[in-house]
Amino acid sequence: MRRGTGGLLPTVLLALAVLGAGFLILPLAGLVLRAPWGEVGSRIATPTVGQALRISLLTSLGALGLATVVGVPLAWVLARTEFPGKGLLRVLCLLPMVLPPVVGGVALLLAFGRRGILGAPLHQALGVSLPFTPAGVVVAQAFVAMPFLVVTVEAGLRSLDRRYEAVAASLGAGDWTTFRRVTLPLLAPSLGAGMGLAWARALGEFGATITFAGNLPGRTQTMPLAVYLEFQTRPEVAVLVSLILLAVSGAVLLAVHGRFLGPR
């Protein structure tokens, strides 16, 4: 079998690559081609869609903030420290990336529900209840989105040239000053990519949200939940809302492609 340019192997691989690309692109093309474009204005302007869009934006940004505040330090610990059980901790922290979302929602209920491990003391001491609230949506979205930020930032930290930090320390900069003035600027591309991926994942979250926070219109119904509800009665509205999510997700991937997914 020839392996050079124009041989059998490249031809077979090219044919399989075309099939693979078609398998991924065809459903997206169907969504775009079958959308009722002439009814975009009237369909999108409905209260249900408007409320779902507002809730999705607010909660996904809240989830991104939560994931960034605790995810960046977690990534730093995984990248820069050594301790027994570190490998197990990394696996557990990244597990929500592959965990079925509904299972994640059940786990959140057992942890933060009124009878949960942490939820019960919170409810008894402070009267705080997260399930079926907008705060619960934020928690559910952050739970599934934060691993994307952690794995991206950890990879960025591992790839940094630590000599710059050593030079800053030799010039008298403290740990916090070195982190703020040297590490963070060098980490900015990976941090931006991780935040973009995490936000897109939070915006599209469905299973954990509906299990932990419910599907209450005007309160916890996000855009993916609105798609699910509208598809049962008004499929054309579901298609249009899906297009909004598709456009946002595509824009995020294009924004981070050159900095993280593409060649450097």
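Here is a yes/no grid of residues against (1) without any contact (Cβ under 8 Å) to a residue 24 or more places away in the chain; (2) over 25 Å from the mean Cα position of the chain (by Cα); (3) not in a helix (DSSP H, G or I):
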site: Pro84; (1), (2), (3): yes, yes, yes
site: Leu92; (1), (2), (3): yes, no, no
site: Val102; (1), (2), (3): no, no, no
site: Gly105; (1), (2), (3): no, no, no
site: Leu109; (1), (2), (3): no, no, no
site: Pro121; (1), (2), (3): yes, yes, no
**OP:** Please go through segment 218-248 and pick out each residue that is under 19 Å from the mean Cα position of the chain (by Cα) and either outside any helix (DSSP H, G or I) or not aliphatic (A, V, I, L, M) (or both).
**Re:** Thr220, Gln221, Thr222, Pro224, Ser242
**OP:** Give Leu33, Leu14, Leu28, Leu24 a once-over and let me know the one that is modelled with pLDDT of 75 or more and farther than 19 Å from Leu246 by Cβ.
**Re:** Leu14
Original post:
Within segment 125-134, can one find any residue that is touching a residue at least 40 places away in the same chain (Cβ under 8 Å), buried (at least 19 other Cβ atoms within 10 Å of the Cβ) and in a helix (DSSP H, G or I)?
Top reply: no
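Given the condition at pLDDT below 90, touching an Asp or Glu at 6+ places or on another chain (Cβ under 8 Å) and either surrounded by fewer than 22 Cβ atoms within 10 Å (Cβ to Cβ) or in a helix (DSSP H, G or I) (or both), answer yes or no: does some residue in segment 251-258 qualify?
No, segment 251-258 has no match at all.
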Subject >> Of all residues making up segment 221-234, the number that are surrounded by fewer than 21 Cβ atoms within 10 Å (Cβ to Cβ) and either of a type in the set (Gly, Ala, Ser) or at pLDDT below 80 (or both) >> reply: 2
**OP:** Working only within segment 67-82, note down all residues that are under 12 Å from the mean Cα position of the chain (by Cα) and aliphatic (A, V, I, L, M).
**Re:** Ala67
Original post:
Before we move on, is Ala202 touching a helix residue (DSSP H, G or I) at 6+ places or on another chain (Cβ under 7 Å), outside any loop (DSSP other than H, G, I, E, B) and under 29 Å from Ala35 (Cα atoms)?
Top reply: yes
**OP:** Would you be able to say whether some residue in segment 44-52 is of a type in the set (A, V, I, L, M), more than 30 Å from Ala142 (Cβ to Cβ) and either touching a residue at least 12 places away in the same chain (Cβ under 8 Å) or touching a helix residue (DSSP H, G or I) at 6+ places or on another chain (Cβ under 8 Å) (or both)?
**Re:** no
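The values are calculated or read from the model by the stated rules, or taken from the named source; none is laboratory data. Quick caveat: nothing in here was measured; it's all calculated off a predicted structure. Positions of Cβ are generated from backbone atoms using ideal geometry, with glycine treated the same way; all protein chains shown enter the neighbour counts.
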